[in-house]
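The values are calculated or read from the model by the stated rules, or taken from the named source; none is laboratory data. Note that the structure is predicted; figures quoted are calculated from it, not measured. Every residue, glycine among them, receives a Cβ derived from its backbone with ideal geometry; neighbour counts consider all protein chains shown. These area figures cover heavy atoms from the full protein model, side chains too; ligands, DNA and RNA do not enter into them. Shrake-Rupley method; radii C 1.70, N 1.55, O 1.52, S 1.80 Å.
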There are 2 protein chains.
Amino acid sequence: MCQLLGMNCNVPTDICFSFTGFQKRGGATDVHADGWGIAFFEGRAVRVFLDPLPSAQSPIAELVRNYPIRSLNVIAHIRKATQGVVTLENTHPFQRELWGRYWIFAHNGNLPQFQPRLDGSFVPVGNTDSERIFCWLLQSLRERFGAVMPERAELFDALHQLSDPLAAMGIFNYLLSNGDSLFAHSSTELSYIVRRAPFNVAHLKDEDVMVDFSEVTTPHDRVAIIATQPLTDNEPWIIMLPGSLWQFYEGEVLAQRLTTASPVKSLGVDG
Amino acid sequence: MCQLLGMNCNVPTDICFSFTGFQKRGGATDVHADGWGIAFFEGRAVRVFLDPLPSAQSPIAELVRNYPIRSLNVIAHIRKATQGVVTLENTHPFQRELWGRYWIFAHNGNLPQFQPRLDGSFVPVGNTDSERIFCWLLQSLRERFGAVMPERAELFDALHQLSDPLAAMGIFNYLLSNGDSLFAHSSTELSYIVRRAPFNVAHLKDEDVMVDFSEVTTPHDRVAIIATQPLTDNEPWIIMLPGSLWQFYEGEVLAQRLTTASPVKSLGVDG
């Protein structure tokens, strides 16, 4: 399995602090040593940094950690290969363009049985189930909405409907963004925290590093961090229920909904 | 205008030497200070590094110069904005996926009158004429060949037919690659050199740096470098005739053909 890290903010923010802890899990404090990647949205543009080296030893990760790129939406991934060999083309996050916007996708999970019909509009370059799912999601969105990107709420509804059957087929934690919203689907394991005023000191789990956010923020700032496992050991992370889809916008939760595969919903149905 | 740099090889090669000279033209020895980018194909994968900062001052350019990424196909671009504001989404090279392969495009020129009908399969994210041309080229290739990527020779023929009318409309120097071939269209200014055994010492124009390629190569290696202006001052660069399309494969010229807009061809026709 892999680990995911996402950030969604209301003002462009750098992710250096969270990335410092996350990076350690790629071969130092954890086993996710089969490459890593990170995507920064800046306006409509996106910059993706990929490296097949373990993030704990990657010179590109060092650059990312020390060069503060300010972004409203960030998606990062460190990989422990389950499907597909360790090559750069299988390194998340994946990027495509739809409706004149870049889309970024990273997946933690395993859906080997999912073999959708792809019509050629988005075709995987590598051989992971993750990239196949991403291509199918974008193809399905285009089929549904045609030539024009729908409103945020419609996108959330569509992604909920599309994710629901897949969540029943395997492990399907993902982060997806078009640079506007950040969508997060928890299938087994995902947590988030929203940092807002009054800001406090945070301390990383994976390295003895602290930051006093009150010194580097303004009272208006709002930053949501989403991660497979909480990155700090002194903040109230919220566990995202298995079987739930979330939409983050401007640093807070805009929408959330359980999927059919949610154990909670199943409990309700089965008594 | 902008400057282009391309590399096509038969064995994975780093571009650190050529990039050292090229980087200087982005704000130090030349005026191309409105951002820069470079794309490295590695197998089917591609890594794109973009920075809106002048390349001569960019920490990402420093990384690229010092971290030898070995690649068969590289496309780099430093920008002097003519169309579109200086933002990251207008920074070349541009990336899309077609037929399960990534495609990379960089353009030096200006075709403001070219306003093709785009069917939505590839839509520009920024507002440059360059990205619009790239989207139209890929859309046209898909229209022509359907779901399967054609052979190299067919691709060359198609790109020749597509580039020909555009070359008559303005300045249209470009580099395009799918990770297999590298296509280069000279509209006004483009040169190349093929380095092969016996290798010699090369000296950069833009910085007092030399490299003895015989020390870092094997006799089998073949490397084509394509650039707006020659990068070294002691090697026999070949000027690519204005109005010509070239296909490089495994470090040498696989095909070349004049376009109708070529002044040479026009001379022939008009007497």
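All conditions in (1) more than 7 Å from chain B (Cβ to nearest Cβ); (2) without any contact (Cβ under 8 Å) to a residue 12 or more places away in the chain; (3) buried (at least 18 other Cβ atoms within 10 Å of the Cβ) hold for A:Ala76, with the sole exception of (2). Residue-level analysis places B:Glu143 outside the set of residues that are open to solvent by 10 Å² or more (accessible area, probe 1.4 Å), in contact with a Lys or Arg (Cβ under 7 Å, 6 or more places away or on another chain) and of a type in the set (Asp, Glu).
Checking the stated criteria, B:Thr13 turns out to be in contact with a strand residue (DSSP E or B) (Cβ under 6 Å, 6 or more places away or on another chain), at pLDDT 85 or above, of a type in the set (Ser, Thr, Tyr) and open to solvent by 10 Å² or more (accessible area, probe 1.4 Å). Looking at the structure I just gave you, is A:Leu63 part of a helix (DSSP H, G or I) and modelled with pLDDT of 85 or more? So A:Leu63 fits the description; yes. Number of residues in region A:85-97 that are crowded, with 19+ Cβ neighbours inside 10 Å and in contact with a Gly (Cβ under 7 Å, 6 or more places away or on another chain) equals 6. Residues of region A:125-172 that are more than 29 Å from B:Arg44 (Cβ to Cβ) and among the aromatic types (Phe, Trp, Tyr): A:Phe145, A:Phe156.
All told, B:Gln113 falls short of being of a type in the set (S, T, N, Q) and modelled with pLDDT of 95 or more.
For A:Phe22, indicate whether it is within 15 Å of the chain's Cα centre (by Cα), at pLDDT below 85, crowded, with 22+ Cβ neighbours inside 10 Å and of a type outside the set (S, T, N, Q). When the stated conditions are applied, A:Phe22 passes them.
Could we say that A:Gly100 is under 24 Å from B:Gly146 (Cα atoms), of a type in the set (Gly, Ala, Ser), within 7 Å of chain B (Cβ to nearest Cβ) and open to solvent by less than 10 Å² (accessible area, probe 1.4 Å) here? Considered against the rule, which asks whether it is under 24 Å from B:Gly146 (Cα atoms), of a type in the set (Gly, Ala, Ser), within 7 Å of chain B (Cβ to nearest Cβ) and open to solvent by less than 10 Å² (accessible area, probe 1.4 Å), A:Gly100 comes out as yes. Scanning region B:41-73 for residues that are open to solvent by 40 Å² or more (accessible area, probe 1.4 Å), of a type outside the set (D, E, K, R) and within 9 Å of chain A (Cβ to nearest Cβ) yields a count of 5. Answer with yes or no whether B:Pro93 is within 14 Å of chain A (Cβ to nearest Cβ), in contact with a Cys (Cβ under 8 Å, 6 or more places away or on another chain) and not small (Gly, Ala, Ser). Here the answer is no, as B:Pro93 does not meet what is asked.
Inspect region A:114-131 for any residue being buried (at least 24 other Cβ atoms within 10 Å of the Cβ) and assigned to a helix (DSSP H, G or I) and give the result as yes or no. Among the residues of region A:114-131, at least one is buried (at least 24 other Cβ atoms within 10 Å of the Cβ) and assigned to a helix (DSSP H, G or I), which makes the answer yes.
Got a number for residues in region B:66-89 being touching a helix residue (DSSP H, G or I) at 6+ places or on another chain (Cβ under 7 Å), assigned to a loop (DSSP other than H, G, I, E, B) and more than 14 Å from A:Phe49 (Cβ to Cβ)? Residues meeting the conditions: 3.
The residues of region B:46-73 that are free of Cβ contacts under 8 Å to residues at least 24 places away in the same chain and touching a Pro at 6+ places or on another chain (Cβ under 6 Å) amount to a single one, B:Tyr67.
Of the strands (runs of 3 or more DSSP E) that lie entirely inside region B:147-231, those containing 1 or more residues that are open to solvent by 30 Å² or more (accessible area, probe 1.4 Å) and modelled with pLDDT of 90 or more span B:171-177, B:191-196, B:222-227. Inside region A:103-125, residues that are touching a residue at least 12 places away in the same chain (Cβ under 8 Å), within 12 Å of another protein chain (Cβ to nearest Cβ) and over 19 Å from the mean Cα position of the chain (by Cα) make up a count of 6.
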